[in-house]
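Values quoted throughout were computed directly from the atomic coordinates according to the rules given, and no laboratory measurement underlies them. These numbers were taken from a predicted model, which means no experiment stands behind them. Glycine gets a Cβ as well: all are built from the backbone with ideal geometry, and neighbour counts include every protein chain shown.
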């Protein structure tokens, strides 16, 4: 598995609103509702090979792209300690290998990121569908 596949799988598996994700290249594709498909991508914010954010695209099968959101790692995790300094977390590709730069996020950081993804996705889930699912479970 590549770095991108591993990271996207870990995030998707921890995100309650993502079921049956498919990792395709550097993206994680999932069905959010009957009409909305989501796509997660680790993305740069202006500098090549420096992956500072998680990009979420939501696509309606009838209307096309309905929304895009960027969640920057520093906004969720804050600056992280490295040596005697603090750095904004990011992954980078150097000499053909992609890895986290100077840090390795812990399980708690992945949980925080997954919570933010869930909060965002919940804005696009039809409340009637959620109530129907809760009634079926009860």
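As a rough guide to protection, the peptides 40-48, 81-89 ranked by mean Cβ packing within 10 Å, highest first, stand as 40-48, 81-89.
Axis of helix 3-14 versus longest Cα principal axis of the chain: the two differ by about 40°, to the nearest ten degrees.
With everything on Cα atoms, drop me the angle between helix 127-137 and the longest principal axis of the chain, reported from 0 to 90° to the nearest 10. Orientation of helix 127-137: about 80 degrees from the principal axis.
Estimated translational diffusion coefficient (Stokes-Einstein, Kirkwood radius over Cα pairs, 37 °C, 0.692 mPa s) of region 1-78: 251 µm² per second.
Say R0 is 35 Å: what FRET efficiency, to the nearest 0.05, do residue 1 and residue 65 get from their beta-carbon distance? The computed FRET efficiency comes out at 0.80.
How high is the FRET efficiency between residue 126 and residue 97 when r is their beta carbon distance and R₀ equals 41 Å, given to the nearest 0.05?
Details: r = 42 Å, r/R0 = 1.03.
The value I calculate is 0.45.
For the chain, taking the reciprocal of the average inverse distance between every pair of different Cα atoms yields a Kirkwood hydrodynamic radius of 16.0 Å. Between helix 107-122 and the chain there is an angle of about 40 degrees, using the helix long axis and the longest principal axis of the Cα atoms. Measuring r between the beta carbons of residue 35 and residue 13 and using R0 = 30 Å, the FRET efficiency lands at 0.80.
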